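Here the structure comes first, spelled out in structure tokens, and everything after it is commentary.
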Amino acid sequence: MPEHRPTADALLARIKERERARLRIYIGAAPGVGKTYEMLQEAHALRDSGLDVVIGFVETYDRRDTQAQVKDLEIVPRRKVDYRGTTMEEMDVEAIIERAPKVCVVDELAHTNVPGSKHNKRYEDVLDLLEAGIHVMTAVNIQHLETLNDAVARATGVRVRETVPDTFLDRADEVVNVDVTVQELQSRLRQGKVYKPEKVEQALTNFFRETNLSTLRELALRAVADEIGEKAASHRQREGLEPALIPERVMVCMSSSADAPRVIRAGARIAGRLGAHWYAVYVETPREAPGHIKRDDRAALDRNLALAKELGATIVRVKAEKPADGLIAFAKREGITHVIFGQSARTRWEILLKGSTLNRFLEEVRDAAVQVVPLGDPGA
């Protein structure tokens with residue numbers, strides 16, 4: 001039997017992995033499944049085993065069971081910020097780093113910080129803690145993952161504004177799904193364990209409907225399964241085992257449209273499921289060349305490119321007379337296997353007059369799977 005010995009690069013990767021601070025993310029289908037409760041229980045277990053554990057930020061929402069789990073864990077005082085005549089409280093990242101615990105518990109990962117804070121989002125604060133060598137346990141609901149934003153809006157009719165890029169999950173050493181049945185979660189809601197009594201009926205007839213919760217639960221289960229699969233693939237690579245025989249390559253067709261984020265998220269999600277490298281490709285036509293592109297289109301394009309980069313895409317700009325020319329050339333050159341288009345509703349007359357980028361692509365690139373994301377309002 002041949003002996004499988006790790007390469008020098010694989011050994012170095014293992015050493016670095018052991019040295020770096022670890023990140024555990026608890027994911028749930030909805031508020032009330034018990035993510036914070038689980039984190040706090042684990043925090044006590046770690047402290048009892050001799051580790052120095054503190055709470056950086058925990059929001060109990062006056063839930064008695066959760067409040068009881070805080071017990072005697074040390075809480076780093078929050079930073080008070082005056083904003084528009086109101087005193088707000090934020091996690092004090094600098095105080096936590098100065099305190100230098102071994103482990104820090106950070107709730108509400110998708111939270112947006114008060115303007116003027118060092119970072120816009122709390123997940124960026126968590127990255128600072130990790131960089132400082134502090135292990136972090138944190139929690140987020142599935143609807144706050146950026147690439148699931150559109151799916152959640154379609155399923156529930158609710159557009160979640162605070163999101164976390166899926167690439168943040170790539171930094172996680174462990175992703176844990178905290179799962180309860182729909183019936184159990186609704187029961188907790190009725191018992192006042194999630195929201196105050198006056199909000200219960202409204203919640204049950206809106207976000208906490210059985211169909212909504214079932215969909216969110218399925219999304220959470222799939223997201224965690226996908227993440228575990230990706231980490232297993234990374235582990236195989238570190239161990240020197242053979243990778244997939246045919247590497248998948250995903251291309252998202254970018255534009256300056258305000259609807260483009262829906263296409264970008266879909267592409268990021270597909271690339272994540274495939275464990276594939278993905279490109280956000282923008283074709284600069286003469287009409288959108290510098291000096292010709294409209295100001296609003298320029299701003300929308302910059303936002304779209306920033307989102308794609310945040311979600312892990314390689315940004316590619318190509319110049320061509322027509323979008324189809326640039327997209328077809330790039331797809332053939334790079335061996336693209338999956339393509340995501342956004343398609344707005346167009347009349348047959350418009351297609352006859354202007355042609356169809358999608359149709360041309362399908363005619364000339366026959367060995368790539370193509371997905372079309374309908375553009376419109378899914379309840380945004």
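Just add up the charged neighbours of Gly116: K/R +1, D/E -1, any other residue whose Cβ is under 12 Å from the Cβ of Gly116. Kindly include the intermediate steps, with their values, before the conclusion.
Values: positive: Arg79, Arg84, Lys118; negative: Asp82, Glu90.
Local net charge: +1.
Rounded to the nearest 5, what is the percent of antiparallel bridges among the DSSP beta bridges in the stretch 79-162? In the stretch 79-162, DSSP labels about 60 percent of beta bridges as antiparallel. Protection proxy ranking, highest mean first, for peptides 47-58, 310-321: 47-58, 310-321, where packing is the per-residue count of other beta-carbon atoms within 10 Å, averaged. Peptides 60-68, 288-296, 125-133, 188-196 ranked from most to least packed, by the mean per-residue count of other Cβ atoms within 10 Å: 125-133, 188-196, 60-68, 288-296. Convex hull volume of the Cα atoms of the stretch 120-208, normalised per residue: 130 Å³. Backbone geometry of the stretch 247-256 corresponds, through the Karplus equation with coefficients 6.51, -1.76 and 1.60 at θ = phi - 60°, to 3J(HN,Hα) couplings of x, 7, 10, 10, 10, 9, 7, 7, 7, 8 Hz, x marking Gly and Pro. Proximity of backbone amide H atoms, modeled 1.01 Å from N, is registered between Val58 and Asp107 at under 5 Å, excluding neighbours fewer than 5 places apart on the same chain. Assuming charge only on the beta carbon of Lys and Arg (+1) and of Asp and Glu (-1), the dipole of the stretch 131-195 about its Cα centre is about 540 debye to the nearest 20.
For the stretch 38-177, taking the reciprocal of the average inverse distance between every pair of different Cα atoms yields a Kirkwood hydrodynamic radius of 16.1 Å.
FYI, it's all coordinate maths here, none of it is from the lab. Values in this document were obtained by computation on a predicted structure and should not be read as measured data. No Cβ is skipped: glycine too gets one built from the backbone with ideal geometry, and neighbour counts run over all protein chains shown.
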